[in-house]
């Protein structure tokens, strides 16, 4: 029986044979975590890691890099195994179970999603070091968590139209990190050693220029020739050379990601001065309009919120259960 009291040390001797036949080898196991009164042994962790170790060996060259990847994998896998124990305890309290028929259906669904038959899925699992029984156990754990998430977590998650808009805006910003663009700027110089009052006056001028630049009929180039203190670009109407994300200073680059074509930024503090940025053009976006992507974005936002709520639920379970991770 693999059960430990919470005060048990990190090493455990298994096998009653040790007391009667001391000349024989004794199996020494390291406990890497304890959840309630159940231990997770190093051998359990290593056995669960076998398929992932095969994948890492195929993708990562031998050496320090592979060692680092394996260490991170072990850390994440141990957290997963702790979470599974927490879910099992919660399921026991809620009297939730997974039947053999549900496991059969789950395996069939997983196989179909990967383009396999169930027999082919089992064969691939065996190739990776899992027995058919261990595969069924893994599927059972997934299905049990799905049941508990549906019962305890999903009722907590709600998303609004504003959440979907914010999610779409994140997709737009992420895509813009890969798109080249053209821009103009106006620099309002602040002389070194200027008094707070003088700096405030320059900021007020920058605000005034932004107001002018945002008017529907504004000529940004004319405003740059009139107000910009940047000698290199003033005569060119503030035009900058073609740009890729990351080529501007960090504060300007961050502002550029938030601007659509034709948009003018608020004054940006830049090297002690104030910069006003306008996006003139950007490479074509591959994203569909929000109305066409609404369902996909809503699903992604819901999944993200669900994962956060799941983690919060598991952390809440921990507060009522003894958990000791030793690795």
**Q.** Prolate/oblate/rounded label for the stretch 180-282 (Cα gyration tensor, a/c 1.5)
**A.** prolate
Q.
At 7 Å along Cα-to-Cβ for each site, give me the label-to-label distance between residue 75 and residue 89 in nm.
A. 2.4
Q. What nm distance separates the two modelled labels at residue 284 and residue 189, each placed 7 Å from Cα along Cα→Cβ?
A. 4.2
Q. Under a plain spin-label model, where a point goes 7 Å from the Cα along Cα-to-Cβ, how far apart in nm are residue 179 and residue 47?
A. 5.2
Q: Subtracting the Cα-Cα distance from 0.36 nm times the residue separation, let me have the gained length for residue 225 to residue 123 in nm, one decimal.
A: 29.6 nm
Q.
Quick check on packing: order 274-281, 229-236 by the mean number of other C-beta atoms within 10 Å, highest mean leading.
A. 274-281, 229-236
Q: Mind running the shape call on the chain? Use the C-alpha gyration tensor, a ≥ b ≥ c as the square roots of the eigenvalues: rounded below 1.5 for a/c, prolate if a/b tops b/c, oblate otherwise.
A: prolate
(Q) Please compute the contact order of the stretch 180-282 in relative form: average sequence separation of alpha-carbon pairs under 8 Å and at least six residues apart, divided by the residue count, as a percent. (A) 43
Q) How far is the Cα center of the stretch 230-282 from the Cα center of the stretch 24-74, in Å? A) 50
Q. Roughly what angle does helix 290-319 make with the longest principal axis of the chain, taking Cα atoms, 0 to 90 degrees, to the nearest 10?
A. 50
Q | Calculated FRET efficiency for the pair residue 292/residue 249, C-beta based, R₀ 56 Å, to 0.05 | A | 0.95
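None of the figures in this text is laboratory data; all of them are computed from the coordinates on show. Predicted, not measured: the structure shown is a model, and the values here were computed from it. Cβ sites come from the backbone with ideal geometry, for glycine too, and all protein chains shown count toward neighbours.
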